[in-house]
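Structure, as structure tokens:
Nothing in this text is a laboratory measurement; each read-out follows from the coordinates by a stated rule. Just so it is clear, the structure is predicted and the values come from calculations on it, not from any experiment. We place every Cβ from the backbone using ideal geometry, glycine too, and count neighbours over all the protein chains shown.
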Amino acid sequence: KQEVTQIPAALSVPEGENLVLNCSFTDSAIYNLQWFRQDPGKGLTSLLLIQSSQREQTSGRLNASLDKSSGRSTLYIAASQPGDSATYLCAVRRSGGGADGLTFGKGTHLIIQP
Amino acid sequence: NAGVMQNPRHLVRRRGQEARLRCSPMKGHSHVYWYRQLPEEGLKFMVYLQKENIIDESGMPKERFSAEFPKEGPSILRIQQVVRGDSAAYFCASSPPGGRYDTQYFGPGTRLTVL
């Protein structure tokens, strides 16, 4: 059974800092890994998708890496801004047997202090 | 290109009533997924559908829950005889025909409250 863990559960940093969010998964048989942000009471916004054959993806101030063999991904946020405050979710799409949807971690609740 | 649309955004039902949640995928998307987010828990996969087909319903409770994605119209998640434990946010996502290799785009969710 695929399990996804995100560390830390919560993080509060001053504006302007660079930060790293961590995600680990137990089964390396995946199609891809996706990072989302969720604002309170809202839906999910897709940030980055990394296919299993890729090592990293970048979008603006965000960079996500994937080490499939060790079951780990990191989301790097450069020069953080108060608007980055949200919950960040990591999810994997399992290949092979098992449920055919995304398996999510419980998220990292991020607060950027002005 | 409008995003994934869900309605209603908020739904209140009394125990024993039926809840019908609708999802219109993004234009050109033929894959639809439903997820549930219980209070203080992570998102859980429920069901994966393509037009007129249920591909995987392994995350759906065995009773009272059903889903469909007809040839025409939105996908529907139906919960019969709701109970308080069904109170949650229900999210729909869609993806292009690439399916498993493609990004899933999420709607704003329907927040169901069972009184």
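When residue B:113 is tested against (1) closer than 19 Å to residue A:42 by Cα; (2) surrounded by fewer than 16 Cβ atoms within 10 Å (Cβ to Cβ); (3) without any contact (Cβ under 8 Å) to a residue 60 or more places away in the chain, just one condition goes unmet, and that condition is (3). Whether a residue is within 13 Å of another protein chain (Cβ to nearest Cβ), assigned to a strand (DSSP E or B), touching a residue at least 24 places away in the same chain (Cβ under 8 Å) and not charged (D, E, K, R) was assessed, and residue A:5 passes this test.
Taking the criterion of being away from chain B (no Cβ under 14 Å), assigned to a loop (DSSP other than H, G, I, E, B) and either crowded, with 17+ Cβ neighbours inside 10 Å or not basic (Lys, Arg) (or both), the residues of region A:57-114 that qualify are A:60, A:68, A:69, A:70, A:71, A:78, A:79, A:80, A:81, A:85, A:114. Taking region B:15-115 as the region of interest, the strands (runs of 3 or more DSSP E) fully inside it that hold 1 or more residues being away from chain A (no Cβ under 14 Å) and not hydroxyl-bearing (Ser, Thr, Tyr) are B:19-24, B:65-68, B:75-79, B:110-114.
Taking region B:75-101 as the region of interest, how many residues are of a type outside the set (Phe, Trp, Tyr) and without any contact (Cβ under 8 Å) to a residue 60 or more places away in the chain? Qualifying residue count, region B:75-101: 9.
Within region B:1-40, being polar (S, T, N, Q) and in contact with a strand residue (DSSP E or B) (Cβ under 9 Å, 6 or more places away or on another chain) holds for B:6, B:7, B:17, B:24, B:30, B:37.
Restricting attention to region A:13-45, the residues that are charged (D, E, K, R), within 14 Å of chain B (Cβ to nearest Cβ) and in a loop (DSSP other than H, G, I, E, B) add up to 2. Has region A:82-99 got any residue that is over 14 Å from residue A:34 (Cα atoms) and touching a Ser or Thr at 6+ places or on another chain (Cβ under 6 Å)? Looking for residues that are over 14 Å from residue A:34 (Cα atoms) and touching a Ser or Thr at 6+ places or on another chain (Cβ under 6 Å), one finds at least one in region A:82-99, hence yes.
Hey, any hits in region A:63-77 for a residue that's closer than 16 Å to residue B:35 by Cβ and small (Gly, Ala, Ser)? No.
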